[in-house]
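Notes follow the structure.
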């Protein structure tokens with residue numbers, strides 16, 4: 001569990017650093033670049049979590065389900081980026097909503113497995129950072 005939480009802490013740091021480097025812009029290209037960057041951070045974290053091997057039972061299914069939700073989030077960020085590039089606001093907004101739904105589901109799986117950093121949610125993670 002500690003190794004997974006370390007990966008999640010590094011994921012959070014990478015995401016916050018990446019977002020901190022982004023310029024605030026409503027341009028479609030800027031949004032697409034932001035989504036692609038987040039996709040890449042999530043993909044790296046997924047690889048690192050999967051490299052830990054099989055999670056022990058009885059809660060191993062919760063960990064595997066958490067990783068599946070990360071894969072779904074990554075896919076949604078990729079689709080949202082493509083939608084932004086094509087100026088498809090409806091699809092981009094729909095993908096954004098789905099990310100929120102999947103985050104909530106994934107957070108529950110991570111917490112059920114007993115992780116302390118994975119699954120705390122963005123709001124809790126950035127508390128006290130002025131975010």
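Could you list all residues from the stretch 74-131 that are in a loop (DSSP other than H, G, I, E, B), over 13 Å from the mean Cα position of the chain (by Cα), modelled with pLDDT under 90 and surrounded by 14 or more Cβ atoms within 10 Å (Cβ to Cβ)?
114, 115, 116, 126
Select, from 52, 16, the only residue that is surrounded by fewer than 17 Cβ atoms within 10 Å (Cβ to Cβ), assigned to a loop (DSSP other than H, G, I, E, B) and touching a residue at least 12 places away in the same chain (Cβ under 8 Å). First the steps, then the outcome.
Details: 16 fails: assigned to a loop (DSSP other than H, G, I, E, B).
The match here is 52.
The values are calculated or read from the model by the stated rules, or taken from the named source; none is laboratory data. Quick caveat, the model's predicted, so the values are computed rather than measured. Backbone-built Cβ (ideal geometry, glycine too); neighbour counts: all protein chains shown.
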